[in-house]
Amino acid sequence: MCYRTKLNSKLQEIESSFEAVFIDPDSYIPKEEINGFAHHETPVITDENPQEITLSKWGLIPFWAKSTEIQKSTLNAKIETAQEKPSFQKAVNNRCLVIADGYYEWQWLDAKGGIKQKYLIRTKDQSVFAFAGIYSYWKEPATNYLHHTYSILTTEANELMSRIHNNKRRMPVVLEKRDQRKWLDGTDLSKFAFPYEVALTATPVDEPGKQQALNF
């Protein structure tokens, strides 16, 4: 799955990579690690305004939700079943690019996951890239505040990620640069499910007291 990402590239590099501009550049705060369960707002590009970079909160809230509680289970959406799930089926045609320059995954080094090795995953040919995302607007009943929220699509793991994410064997859908517009334009979800993949690299991250696995 994908619950920790990274985006600490310079604002100008992000804008150049996507040929888009931040609507509120002062709102961009580079982060070495973004915890999905904290439901931070992160930079996205939506199908509504492909030339604009805005902020959206990680963890999709469907329009029918009564509270934000659902967010803890909507950080990711399986691309194979998103159209069938009540949380996502009304949002699968609301496409967005979730901007990142890396994400983190943990390899289990024992059968129960008591010992893990953290890896930083990046693309080989994109210094800044995009996850395939879907989004929703949700109006908070108590305040009428309109929340913009998203989920990252996941798919079956490729060979590299099967060796790293070896307990569930899933990975986020990382888009080839040439396919970002196709995603926003609504190309069928199945076209982005594995064996669709982008060339990735994995670098072990040292953590105190943790055993280190082999690099790939």
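The values are calculated or read from the model by the stated rules, or taken from the named source; none is laboratory data. Remember, it's a predicted structure, so these values are computed and weren't measured experimentally. Here the Cβ is made from the backbone with ideal geometry for all residues, glycine too, and neighbour counts use every protein chain on show.
Mind checking which pairs have a first residue in the range 164-190 that is of a type in the set (Gly, Ala, Ser) and a second that is surrounded by fewer than 19 Cβ atoms within 10 Å (Cβ to Cβ), Cβ under 7 Å, 6 or more apart or different chains? Pairs that qualify, where the first residue is of a type in the set (Gly, Ala, Ser) and the partner is surrounded by fewer than 19 Cβ atoms within 10 Å (Cβ to Cβ), are 186/93. Restricting attention to the range 4-55, the residues being within 30 Å of residue 106 (Cβ to Cβ) and not polar (S, T, N, Q) number 26.
One residue stands out in the range 18-29 among those that are touching a helix residue (DSSP H, G or I) at 6+ places or on another chain (Cβ under 8 Å) and not β-branched (Val, Ile, Thr): the one that is farthest from residue 155 (Cα to Cα), namely 25. For the range 125-143, does any single residue satisfy the condition of being within 21 Å of the chain's Cα centre (by Cα), in contact (Cβ under 8 Å) with a residue 24 or more places away in the chain, buried (at least 23 other Cβ atoms within 10 Å of the Cβ) and farther than 19 Å from residue 52 by Cβ? There is no residue in the range 125-143 that is within 21 Å of the chain's Cα centre (by Cα), in contact (Cβ under 8 Å) with a residue 24 or more places away in the chain, buried (at least 23 other Cβ atoms within 10 Å of the Cβ) and farther than 19 Å from residue 52 by Cβ. Has the range 89-99 got any residue that is under 22 Å from residue 28 (Cα atoms), out of contact with any Pro (no Cβ under 9 Å at 6 or more places or on another chain) and not in a strand (DSSP E or B)? Looking for residues that are under 22 Å from residue 28 (Cα atoms), out of contact with any Pro (no Cβ under 9 Å at 6 or more places or on another chain) and not in a strand (DSSP E or B), one finds none in the range 89-99, hence no.
Residues in the range 70-107 that are among the aromatic types (Phe, Trp, Tyr) and either under 22 Å from residue 9 (Cβ atoms) or modelled with pLDDT under 95 (or both): 103, 104.
Conditions (1) hydrophobic (A, V, I, L, M, F, W, C); (2) out of contact with any Lys or Arg (no Cβ under 7 Å at 6 or more places or on another chain), marked per residue:
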{"position": "19", "(1), (2)": "no, yes"}
{"position": "28", "(1), (2)": "no, yes"}
{"position": "55", "(1), (2)": "yes, yes"}
{"position": "60", "(1), (2)": "yes, yes"}
{"position": "78", "(1), (2)": "no, yes"}
{"position": "88", "(1), (2)": "yes, yes"}
{"position": "96", "(1), (2)": "yes, yes"}
{"position": "107", "(1), (2)": "no, no"}
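Quick check, is residue 56 within 25 Å of residue 182 (Cβ to Cβ) and among the polar types (S, T, N, Q)? Yes: the conditions hold for residue 56. The set of residues from the range 1-54 being without any contact (Cβ under 8 Å) to a residue 40 or more places away in the chain and among the hydroxyl-bearing types (Ser, Thr, Tyr) comprises 16, 27, 28.
So for the range 132-152 (the condition being more than 28 Å from residue 64 (Cα to Cα) and modelled with pLDDT under 95), does at least one residue qualify? No, that holds for no residue.
For the range 57-86, which positions are over 16 Å from the mean Cα position of the chain (by Cα) and either of a type in the set (A, V, I, L, M, F, W, C) or under 15 Å from residue 139 (Cα atoms) (or both)? Listed by number, the residues that qualify are 62, 63, 64, 65, 66, 67, 68, 69, 70. Need a quick list: strands (runs of 3 or more DSSP E) entirely within the range 108-216 having at least 2 residues that are touching a helix residue (DSSP H, G or I) at 6+ places or on another chain (Cβ under 6 Å) and under 25 Å from residue 94 (Cα atoms). Strands (runs of 3 or more DSSP E) meeting the threshold: 129-139.
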